[in-house]
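What follows is one structure encoded as structure tokens, with my remarks underneath.
Throughout, read-outs are computed from the coordinates displayed, never taken from laboratory work. Worth saying up front: this structure is predicted, and the values here are computed from it rather than measured. Quick reminder, even Gly has a Cβ in these numbers, built from the backbone with ideal geometry, and neighbours come from all protein chains shown.
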């Protein structure tokens, strides 16, 4: 998804808010790198739409707080053969 960076940042934000998605999931969905998603959301979005940024930041902070749990679940599945 190339093109207008401001538009892309807003579309990423809406996708993450609607689906409570992770940065990795959004990157896969839009066909861009995780670092591009992070840069769009953390640097570009606050200057474009402050309200949207606040909503996305809350979800990203929640994902960050839960990532150790997700990692544990993934490891468990890996060694259980699921």
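Say a paramagnetic label sat at a point 7 Å from the Cα of residue 43, along Cα to Cβ; which residues of the range 10-37 have their backbone N under 13 Å from it? Counting only backbone N, you get 35-37. By other beta-carbon atoms within 10 Å, ranking 23, 56 with the fewest at the front produces 23, 56.
How big is the gap, in Å, between the Cα center of the range 1-51 and the Cα center of the range 63-82? Cα centres, the range 1-51 to the range 63-82: 24 Å. With a cut-off of 8 Å between alpha carbons and a minimum separation of six or more residues, what is the relative contact order of the range 5-80 in percent? After rounding, I find 33 percent.
With everything on Cα atoms, drop me the angle between helix 5-19 and the longest principal axis of the chain, reported from 0 to 90° to the nearest 10. Here the helix axis deviates by roughly 40 degrees. Rounded to the nearest 10 degrees, what's the angle between the helix 50-80 long axis and the longest principal axis of the chain, both from Cα atoms, 0 to 90? Value to nearest ten degrees: 20. What is the ratio of the Cα radius of gyration of the chain to 2.2 N^0.38 Å, with N the residue count, to two decimals? My calculation over the Cα atoms of the chain gives 1.20.
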